[in-house]
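*Asks:* Sharing a structure below in structure tokens format, with a few things to ask.
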Amino acid sequence: SELPEALAARGLYSTYIARDAAAGLKDLMRAIALAPNDPDTHNAAGLTLRRLGRFDAALEQFRAAMELAPKEPSFGFRTHETLVNLGRIDEAREVSQALQRRFPDLPYTYFHPYGYRCLQGGDLTGWREEIERWAPQLSPDDLADRRRRFLICTGHLPGLAALLEQVPATLESAQNGD
């Protein structure tokens, strides 16, 4: 089918169910060519490109999604996490600061300063306290993800193993960047 929605659906199926990201990307890029103003398809293409290791192209798609849907924070978060994972900390910090200005009530934008300090020099001062301060406002999934990131940065493998045993399905999704 040449309907953009059908192509996007097939692209998502190929990427996540059939585990054929290259085929998924082909359909997603065709969908974007037919409907260039669909932020969700740009986002899906970004996720697929990221799975293929094409990070700069993924960032372009996430940024396109952000421009098309400026009130949707998840596209900015995808941009941010990709930059962090690439070690492009200064760029990630800029994206995080923009997210904090745009979405001041979303608590998970405020963990990133602690993550930056950890990535840039191993300093974890205040991070655990910040997680616990925001805990009542976070969903169980978000809280588990924040705790997982903290345990990874501290290298606390027994704590990480215990957390993974508690909520494996939630964390598997977060680890895959989905």
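*Asks:* Among rounded, prolate and oblate, which fits the range 1-52 when a ≥ b ≥ c are the square roots of the eigenvalues of its C-alpha gyration tensor, a/c under 1.5 means rounded, and a/b larger than b/c means prolate?
*Replies:* Oblate, since a/c reaches 1.5 and b/c is not below a/b.
*Asks:* Quick check on the range 1-109: take the gyration tensor over C-alpha atoms, sort the square-rooted eigenvalues as a ≥ b ≥ c, and tell me if it's rounded (a/c under 1.5), prolate or oblate.
*Replies:* Cα axes put the range 1-109 in the prolate bin.
*Asks:* Between I152 and I17, how high is the FRET efficiency from 1/(1 + (r/R0)^6) when r is the Cβ-Cβ distance and R₀ = 41 Å? Nearest 0.05. Each step should come with its number before you reach the end.
*Replies:* Details: r = 28 Å, r/R0 = 0.68.
Efficiency, from the Cβ-Cβ distance: 0.90.
*Asks:* Below 11 angstrom from the Cβ of L138, what's the summed charge of the other residues (Lys, Arg +1; Asp, Glu -1)?
*Replies:* -1
Values in this text are rule-based calculations from the coordinates and carry no lab data. What you are looking at is a predicted structure, and each value in this text was computed from that prediction instead of being measured. Please note: Cβ atoms are built from the backbone with ideal geometry, for glycine as well, and neighbour counts cover all protein chains shown.
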